[in-house]
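Some notes on the structure that comes next.
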Amino acid sequence: MDRFTSSPRLMIVSDLDHTMVDHHDPENLSILRFNALWEAKYRHDSLLVFSTGRSPTLYKQLRKEKPMLTPDITIMSVGTEITYGNNMVPDEGWVEFLNKKWDKKIVSEETSKIPELTLQPETEQRQHKASFFVKKEKAQEVMKILSESLVNRGLDVKIIYSGGMDLDILPQGAGKGQALAYLHKKLKDEGKLPQNTLACGDSGNDAELFTIPDVHGVMVNNAQEELLQWHAENAKNNPKIIHANDRCAGGIIEAIGHFNLGTNISSRDVTDLSDAKLDHFDPAYEVVKFYLFFERWRRAEVESPDVYLSNLKSVCSASGVFVHPCGVEQSLHDCIDKLKNCCGDKKGKQYRVWVDQIFPSQIDSDTWLVKFKKWEQTGEKQQGCLTTVVVSSKGVKPAEGLTWIHVHQTWINTTTQNTQNDWFL
């Protein structure tokens, strides 16, 4: 959050499973639509927060499987862990706050007396969270017994049931909603309270998000019965909370438009990007558009390939240079010419390209340095590189797009390195 000197324009706080991530969408289209929108129009002046019931272990596993962006803030383990940035630095103030009237040993003793509870895997047991499976028909009875026994032992806890099977025991001050309230207060104290906040969820453990004052809320179309029931009983007439028509990330995009929080037209929804003309120079949008062109080229989703390739070549300087992640240097025009050999080579292979954490900085009157991560995924295999691009507006109009002068890439440490022959730009 250090990159902000004033209030972010928008903060999106989203659950992951079945909200941002659609596990029934093998092509990952909804999250990719959101990714393109966020990086082109929001990343530079807004905050992205993921709020998940997953532990850090399972969260990191999901990132390896799905085309997810890097959030500014990550709330995990049902609101009991808050971390910041790429290195996921923990919020020690939040840890201290949750220690009040909490004793994990007592929780373990009392839950061991209830045979209906089945302990979840060790990765899901956290410092301030005990997690179990319980059958739906037994949930209410078990929660009542647990609540009484833990109060009698002097603990102040919160018991959350979600997903029709998951039961979490947390300190009373924890939970997704309380974590969001804590962040709001922290940001307000720093003079950085977002102008608008949009909370997004699909299940019972997301309900708290919608209770925080001045927050817009969206229950995605595929929201579970427990969340819809909560809404009917507690927020039916609240105009700030909607039930979207679209599933998962598509519902988040819908809510951005519904609440007039900003543009909600993703580049992925534009069939012919060559017709998308701008009235100002926008390096982040240019990067998103360039790599979407590239994806469509390799998926054989382009008409008039010669014209398409000519358009790509026209935005690259004749003297431009590309430094491959393997260290080989070549001209940008040669790179574009080589694309003739890979047109349609990923057709039918669930191949996708996305960019993450685009941060442009203007270095003189007509030149920008743009840094970002570029990712490719074919099936379940992900490969990525850190990318630095120099683009220029010299001699061109906004409608023509910026000219690419230099592209330099290095492999991301956790990625599988490609050979020079199967990694293009």
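The values are calculated or read from the model by the stated rules, or taken from the named source; none is laboratory data. Treat the numbers as computed from the prediction; the structure is a model and nothing was measured. For neighbour counting, all protein chains shown are included, and Cβ atoms are generated from backbone atoms with ideal geometry for every residue, glycine included. For accessibility, only protein heavy atoms count, side chains too; no ligands or nucleic acids. Shrake-Rupley method; radii C 1.70, N 1.55, O 1.52, S 1.80 Å.
Computed values, structure above
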{"quantity": "Approximate spin-label separation ASP272-ARG296, in nm, with each point projected 7 Å along Cα-to-Cβ", "calculated": "1.0 nm"}
{"quantity": "Carbon + sulfur, % of accessible area of the stretch 335-425 - ligands and nucleic acids excluded, 1.4 Å", "calculated": "48 percent"}
{"quantity": "Alpha carbon centroid spacing (whole Å) that separates the stretch 129-188 from the stretch 363-425", "calculated": "44 Å"}
{"quantity": "Å² per residue, accessible surface of the stretch 224-276 at 1.4 Å", "calculated": "54 Å²"}
{"quantity": "Distance in nm between pseudo-label sites at THR388 and SER108 (7 Å out along the Cβ direction from Cα)", "calculated": "4.9 nm"}
{"quantity": "Potential lengthening between ALA318 and VAL151 on full extension [0.36 nm per residue; Cα-Cα distance subtracted]", "calculated": "52.9 nm"}
{"quantity": "Peptide ranges 32-42, 232-242, 348-358, 324-334 listed from the most packed, as the mean C-beta count within 10 angstrom indicates", "calculated": "32-42, 348-358, 324-334, 232-242"}
{"quantity": "Accessible solvent surface per residue of the stretch 316-396, calculated while the other protein chains remain in place, 1.4 angstrom probe, Å²", "calculated": "45 Å²"}
{"quantity": "Residue-normalised accessible area of the stretch 82-207, given per residue in Å² at a 1.4 Å probe", "calculated": "49 Å²"}
{"quantity": "Computed over the stretch 341-421, Kirkwood Rh from alpha-carbon pairs, angstrom", "calculated": "14.6 Å"}
{"quantity": "Between the stretch 38-115 and the stretch 1-28, the Cα center-to-center distance that results, in Å", "calculated": "13 Å"}
{"quantity": "Out-of-range pairs (alpha-carbon distance over 19 Å; input LYS66/LYS381; LYS41/LYS289; LYS64/LYS373; LYS101/LYS188)", "calculated": "LYS101/LYS188"}
{"quantity": "Relative contact order of the stretch 190-255, pairs being alpha-carbon contacts under 8 Å that are 6 or more residues apart, as %", "calculated": "31 percent"}
{"quantity": "Carbon and sulfur %, accessible surface of the stretch 217-306 computed with the full protein complex present, 1.4 Å", "calculated": "44 percent"}
{"quantity": "Percentage relative contact order, the chain, counting C-alpha pairs under 8 Å, at least six apart", "calculated": "15 percent"}
{"quantity": "Leading residue at positive end of dipole, the chain (Cβ point charges), from GLY257, LEU369, LEU227", "calculated": "LEU369"}
{"quantity": "Exposure rank, largest accessible area first [GLU286, GLU109, GLU380; 1.4 Å]", "calculated": "GLU380, GLU109, GLU286"}
{"quantity": "Residues ASN260 and MET143, FRET efficiency given R0 of 22 Å [Cβ-Cβ distance, rounded to 0.05]", "calculated": "0.05"}
{"quantity": "Highest-fluctuation residue, VAL95, VAL270, VAL391 considered, GNM on the chain with Cα pairs under 10 Å", "calculated": "VAL270"}
{"quantity": "Helix axis angle, 56-65 relative to the chain longest principal axis, alpha carbon, degrees", "calculated": "30 degrees"}
{"quantity": "Accessible-area composition of the stretch 1-156, carbon plus sulfur, in percent [1.4 Å probe]", "calculated": "52 percent"}
